[in-house]
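Reviewing the structure listed below.
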Amino acid sequence: MRMVKFKGEKRIRLAVIMLNRQYIRSWIDSGLLSALSESREFEIEIFAPQEIYSQIQPCGDFVLSVIPKITPSRAATHLVALNWVSKRSRSKSFGFSLKRTFLSDYMFSQPQLDRREWIRHVVKCIKIILFGCLKKRLTIFYFFPPFRKMEYVLKQRLFGKSLLPPSISQGRFNWLIIPCHGIDELMTDYIASAKLEQLKVMVAIDNWDNLTSKSVFAVEPDCVTVMGAKCVKHAFEIHGIDASKVLAFGLPRFDVYRELKQGVTKNLSSRRSKPRVLYAGLSVPHAERTVVNLLAKKLFKKYGIDGIEIEYRPHPIPLPRLDGGLVLNPHVKISNHLSLERTMMPNMDNEYVKALIESTVVIGAPTTFILEAMLLGRPCILDNTNDRMHRTTAGLAMDSYTHLQDLKDIKELKSADSVEEIYDYVLGILDSKIEYFNYEMSDLYSLENPTYDLQLIEYLVSHS
């Protein structure tokens, strides 16, 4: 049992930098920081820019401070661009993201468009490409190998001076914790500056794709927390980080599924009067509305409008897609994510969880939502279809993103290359009346491990 610290005893000082609204959901709404403060082991101060600071609702014994906007150093900016290009062979995702940046997400050939619409489409694609080239011009620079020899000089400049706000560098903290969704310029500066200040750095990866798709660490942190054992492997193969420094603690917002899984096993979905099919959308452009429309037509024809429920749940922050204006079958329910201003993501409230638990079948492109459905044992079908409109279809994403290759190792997960195949799988699940499926996915994510907060507390106490 952990010893409770009494007043006057020295506590471990943690500085937590929040640079993205999504971390509010992961670190505050999940109860993680409250659990850390209640352990009485730590003094916690959260640092955030004003626009994020204003969205944080204090809950727990921690201090909340505003940090000024900081322009990333030139060295960090160059190193992130350089690593993205020079180390692209380490992850399929790097090459895919480069292709998207410099060729756009859309195919030039669009046989469904008339000549005038096609010309407008081509002009739009060219504008997107030009904007991408302008925004990522440093990336183009480093496609030429001789310029990559600057890496050593850039790393030396990165350590030229500390860019940490004085409130952090002079705060006598034991740890700097950085929740992270990408290896970007600011995080690179903060890690390098913390090294100069002899401040230990923990980077908390916030999702399962973040290690494989967002460049390579220019400076290695003291430790990294990740989703599961598969991510430990990615950290070593892509970033060269020793496995002893990569901590498979899970994701704080997923801890809730430990208790929810118990409820699912009581067959909550069987209490519904009719089967419910849920389609979860993809963030990148994919003709998913076409898929939903065709599937709904088949299912309503077989079961009747009153015999089955079909819900379409778009991704909360989808990029524009060419079938975006397609009118769905009026009997298909479309989820409304309401306001995303606070965290940029839907709240994991009762409605969110109920949508998962009460679905007889969950269909979708390879997304985190599908992963969550599998954690709850819901029968899932991967939409692995392609279309002639987008360069980023669900099928192409499955083949081109490194982290999605991990799904192929889950033998129980069904993957469909056409709407007809999705339909056949749905019928198979409904006819067999399967209500719970036990996926073997412990290497990807394990609900058997202790919760994130318990593992984090134990590690910080033992390494401080």
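Worth pointing out:
- In the range 356-375, the condition of being assigned to a helix (DSSP H, G or I), assigned by TED's automatic domain parsing to the domain that holds HIS315 and either of a type outside the set (A, V, I, L, M, F, W, C) or under 29 Å from ILE129 (Cβ atoms) (or both) is met by at least one residue.
- Flag if LYS233 is among the basic types (Lys, Arg) and modelled with pLDDT of 90 or more: yes
- Close Cβ contacts (under 6 Å, 6 or more residues apart or on different chains) running from residues in the range 211-233 that are surrounded by fewer than 23 Cβ atoms within 10 Å (Cβ to Cβ) to residues that are aromatic (Phe, Trp, Tyr) comprise GLY228/TYR445.
- The number of residues in the range 139-158 that are surrounded by 11 or more Cβ atoms within 10 Å (Cβ to Cβ) and assigned to a loop (DSSP other than H, G, I, E, B) comes to 2.
- Some residue of the range 6-13 being in the same structural domain as ILE177 (by TED's automatic domain parsing), assigned to a strand (DSSP E or B), at pLDDT 90 or above and buried (at least 18 other Cβ atoms within 10 Å of the Cβ): yes
- Residue check for VAL203: touching a strand residue (DSSP E or B) at 6+ places or on another chain (Cβ under 6 Å) and either modelled with pLDDT of 95 or more or assigned to a loop (DSSP other than H, G, I, E, B) (or both): yes
- The range 171-203 - residue that is free of Cβ contacts under 8 Å to residues at least 40 places away in the same chain and under 12 Å from the mean Cα position of the chain (by Cα) and, of those, farthest from SER97 (Cα to Cα): CYS180
Here is a yes/no grid of residues against (1) buried (at least 22 other Cβ atoms within 10 Å of the Cβ); (2) over 18 Å from LEU176 (Cα atoms):
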position: ILE56; (1), (2): no, yes
position: SER65; (1), (2): no, no
position: PRO68; (1), (2): no, no
position: HIS78; (1), (2): yes, yes
position: ARG88; (1), (2): no, yes
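- Every residue from the range 186-205 that is buried (at least 22 other Cβ atoms within 10 Å of the Cβ) and not aliphatic (A, V, I, L, M): THR188, ASP189, TYR190, SER193
- Of all residues in the range 377-386, those satisfying the criterion of being touching a strand residue (DSSP E or B) at 6+ places or on another chain (Cβ under 9 Å) and under 14 Å from PHE437 (Cβ atoms) are ARG378, PRO379, CYS380, ILE381, LEU382.
- Pair list, Cβ < 9 Å and 6+ apart or interchain, from the range 324-335 residues that are assigned by TED's automatic domain parsing to the domain that holds TYR312 and outside any loop (DSSP other than H, G, I, E, B) to residues that are surrounded by 12 or more Cβ atoms within 10 Å (Cβ to Cβ) and modelled with pLDDT under 85: ILE334/LEU328
- Tally, over the range 120-138, of residues that are in a helix (DSSP H, G or I), touching a Ser or Thr at 6+ places or on another chain (Cβ under 9 Å) and surrounded by 13 or more Cβ atoms within 10 Å (Cβ to Cβ): 7
- Being modelled with pLDDT under 95 and in a loop (DSSP other than H, G, I, E, B) is a property that SER283 has.
- Test: residue in the range 377-391 that is in contact (Cβ under 8 Å) with a residue 24 or more places away in the chain, farther than 20 Å from THR290 by Cβ and of a type in the set (Lys, Arg): yes
The values are calculated or read from the model by the stated rules, or taken from the named source; none is laboratory data. Only a predicted model underlies this, so the values are computations on that prediction, with no experimental measurement involved. Here Cβ is always computed from backbone atoms with ideal geometry, including for glycine, and neighbour counts include all displayed protein chains.
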